Amino acid sequence: GPDEIGVRTLNFGSGHGIVDHDFGPGYHRNVWMLDTWNRFPSYVQRVRFGKETGSSIGRSVGELQLTSADGDRVLLTLEVVYRIADGQAHFVLQDSGAGNQYEGVVRNLAQDAARVLFGKLRTEGFYSEASREKCRQDAVALLRDRLAQRGIELVDLLLETAEFDLNYENLIKQ
């Protein structure tokens with residue numbers, strides 16, 4: 001389709017394997033025994049760590065739980081906005097495999113980056129906009145680098161909420 005990137009694998013011959021070239025919309029050779037085609041979306045996608053919202057946009061995978069630097073449990077709601085980098089779909093196929101397996105790569109790398117960087121904040125730091133934003137920017141830089149090595153472009157990482165254990169929330173309110 002017009003919003004897809006094609007990746008051709010040559011099944012036989014001297015140059016067999018994944019072709020080091022992405023194919024845009026149009027007509028391309030597809031001989032049943034010689035070629036295998038994999039298609040990847042060219043549009044921006046998202047993965048959301050948070051409670052189910054009923055929205056059909058993107059994929060929601062549940063809240064991201066981490067421990068703050070001072071040992072409190074924190075639940076983050078965040079979104080990772082990404083796309084397959086220009087000219088890198090063939091590399092994504094080599095690296096992550098066919099289908100939507102690259103989504104698991106994005107999810108795992110995002111979880112790791114968020115846990116490492118937001119886990120450095122003390123509980124009070126989550127209440128400071130400047131501290132949260134600094135952590136978010138550090139997470140964006142780390143995740144952008146790690147995803148680029150996998151053929152995926154990070155568009156943005158959005159932190160929506162940080163919630164604490166209910167007992168801790170009640171102590172703060174008192």
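Any read-out appearing in this document is the output of simple, stated calculations on the displayed coordinates, not a laboratory observation. All values derive from a computational prediction rather than experimental measurement. Virtual Cβ from ideal backbone geometry, glycine too; neighbours counted across all protein chains shown.
Between GLN137 and ARG39, with labels modelled 7 Å along Cα→Cβ, what's the label distance in nm to one decimal, could you check?
4.1
Just want to confirm a number: the relative contact order over the chain, from Cα pairs under 8 angstrom separated by 6+ residues, in percent.
22
Using the Karplus curve 6.51 cos²θ - 1.76 cosθ + 1.60 with θ = phi - 60°, what ³J(HN,Hα) values do you get for each residue of the stretch 134-141, in whole Hz, with x for Gly and Pro?
4, 4, 4, 5, 5, 5, 4, 4
Enter the mean projected area of the convex hull around the alpha-carbon atoms of the chain, in nm², rounded to one decimal.
For the chain, the mean projected area of the Cα convex hull comes to 11.9 nm².
Beta carbons within 10 angstrom, averaged per residue: use that to sort the peptides 147-160, 4-17, highest first.
Most protected by this proxy first, the peptides run 147-160, 4-17.
May I ask you to derive the FRET efficiency for GLN101 and HIS28 from their Cβ-Cβ distance with R0 = 22 Å, giving the value to the nearest 0.05?
For R0 = 22 Å, the calculated efficiency reads 0.45.
Tell me, what HN-Hα J-couplings in whole Hz come from the Karplus equation 6.51 cos²θ - 1.76 cosθ + 1.60 at θ = phi - 60° for each residue of the stretch 6-21, using x for Gly and Pro?
Using θ = phi - 60°, the values come out as x, 10, 9, 10, 7, 7, 9, x, 5, x, 5, x, 6, 6, 7, 7 Hz.
If I model a spin label at ARG122 and HIS16 as a point 7 Å from the Cα along the Cα→Cβ vector, what separation in nanometres do I get?
Distance between the two pseudo-spin positions: 6.2 nm.
Treat the stretch 91-174 as a sphere of radius equal to its Kirkwood radius over Cα pairs and apply Stokes-Einstein at 10 °C in a medium of 1.306 mPa s; give the translational diffusion coefficient in µm²/s, rounded to a whole number.
110
So for each of 124-131, 72-79 I average, over its residues, the number of other beta carbons within 10 Å; can you give me the resulting order with the highest mean first?
Highest mean packing first, the order is 72-79, 124-131.
What are the ³J(HN,Hα) values, in whole Hz, obtained from phi via the Karplus relation 6.51 cos²θ - 1.76 cosθ + 1.60 with θ = phi - 60°, for each residue of the stretch 90-103 in sequence order, with x given for Gly and Pro?
Per-residue couplings from phi come out as 5, 5, 4, 5, 5, 7, 9, x, 6, x, 9, 5, 4, 4 Hz.
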